[in-house]
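Peer 1: The structure under discussion is supplied below as structure tokens; questions concerning it will follow.
The values are calculated or read from the model by the stated rules, or taken from the named source; none is laboratory data. All values derive from a computational prediction rather than experimental measurement. Quick reminder, even Gly has a Cβ in these numbers, built from the backbone with ideal geometry, and neighbours come from all protein chains shown.
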Amino acid sequence: MRSPATTRAILKTLRAQYPDADTELNYATPFELLVATILSAQSTDAGVNRVTPSLFKRYPDAASLAKAKAADLEPLIHATGFFRSKARSLMGMAQALVERHGGKVPKSMEALVELPGVGRKTANVVLGHALGVPGLPVDRHVLRVSNRLGVAASDDPVAVEQRLTKVLPPEDWTKTSDTLILHGRRICKPNPVCEMCSVRDECEFYRKR
Ligand code: SF4
């Protein structure tokens, strides 16, 4: 695995390739981003963005979503897949927000992961983008790209999160995750387009190819 200094240098160069890196989910409030991120499991961000305008109009906050009926909610999110379990998660999450947090999205990892349907990745997305708390979400793109570059060496998302957050300053966490996700979607795909990669000369995967 690369040294902390080399890891920081590689990721700095890669961030420069994606100066506008950000989540591609549309949202206006922490609640909306939490809902959109739960819906994004096994779905594309574009697919989620297609259903959320009518969803947020009908259920603009935790109080309204907590009172939703599955029969009303499920058709609105059907297109994102796994709509029954997602509906259960959304209603349970909203009820927990109302009961435990006054309807507000809490600003801590510990409280977020106690909500139905919310794991570390979802919590980090919301913390880092909507709540001003550093978070480094690790999805399959972050896993693939970071292992190929040698800046992490594990298939375990928590281990990769720990490695990257240990060597990077907190202010770089969320942007680095957004960068690795975009790089994984556009260039460092399962079949990568290495000719377009700004960190090719540093990449262990590329050298071995
Ligand atoms: S050189 Fe290729 S494999 Fe390595 S990070 Fe870049 S795109 Fe991915």
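Peer 1: Regarding the range 42-56, can at least one residue be identified that is part of a loop (DSSP other than H, G, I, E, B), aromatic (Phe, Trp, Tyr) and modelled with pLDDT of 95 or more?
Peer 2: The answer is no, given that none of the residues of the range 42-56 is part of a loop (DSSP other than H, G, I, E, B), aromatic (Phe, Trp, Tyr) and modelled with pLDDT of 95 or more.
Peer 1: Hey, Arg163 hits all of (1) of a type in the set (Lys, Arg); (2) buried (at least 19 other Cβ atoms within 10 Å of the Cβ); (3) touching a helix residue (DSSP H, G or I) at 6+ places or on another chain (Cβ under 7 Å) but one; which does it fall short on?
Peer 2: (3)
Peer 1: Of all the residues that make up the range 113-131, how many are at negative phi and either in a loop (DSSP other than H, G, I, E, B) or more than 14 Å from the chain's Cα centre (by Cα) (or both)?
Peer 2: If we filter the range 113-131 for residues that are at negative phi, which is where we start, we get 113-116, 118-131.
Right, trim to either in a loop (DSSP other than H, G, I, E, B) or more than 14 Å from the chain's Cα centre (by Cα) (or both) and you get 113-116, 118-119, 131.
Residues meeting the conditions: 7.
Peer 1: How about the range 154-177: which of its residues are within 16 Å of the ligand (Cβ to nearest atom) and aliphatic (A, V, I, L, M)?
Peer 2: Residues satisfying the conditions are Val160, Leu164.
Peer 1: Take the conditions farther than 18 Å from Val138 by Cα and basic (Lys, Arg) and apply them to Arg2. Does it pass? Lay out the reasoning, then the answer.
Peer 2: Numbers: farther than 18 Å from Val138 by Cα: yes; basic (Lys, Arg): yes.
Answer is yes for this residue.
Peer 1: Take the residues in the range 178-196 that are under 10 Å from Arg148 (Cβ atoms) and within 6 Å of the ligand (Cβ to nearest atom), then tell me which one is surrounded by the most Cβ atoms within 10 Å (Cβ to Cβ).
Peer 2: Cys188
Peer 1: A further question follows. Look at the range 105-125 and say how many of its residues are crowded, with 16+ Cβ neighbours inside 10 Å and in contact with a Ser or Thr (Cβ under 6 Å, 6 or more places away or on another chain).
Peer 2: 3
Peer 1: What pairs come up if the first residue lies in the range 61-73 and is under 19 Å from Phe83 (Cβ atoms), the second is part of a loop (DSSP other than H, G, I, E, B), and their beta carbons are under 7 Å apart, counting only those six or more places apart or on different chains?
Peer 2: The qualifying pairs are Leu65/Tyr59; Ala68/Tyr59.
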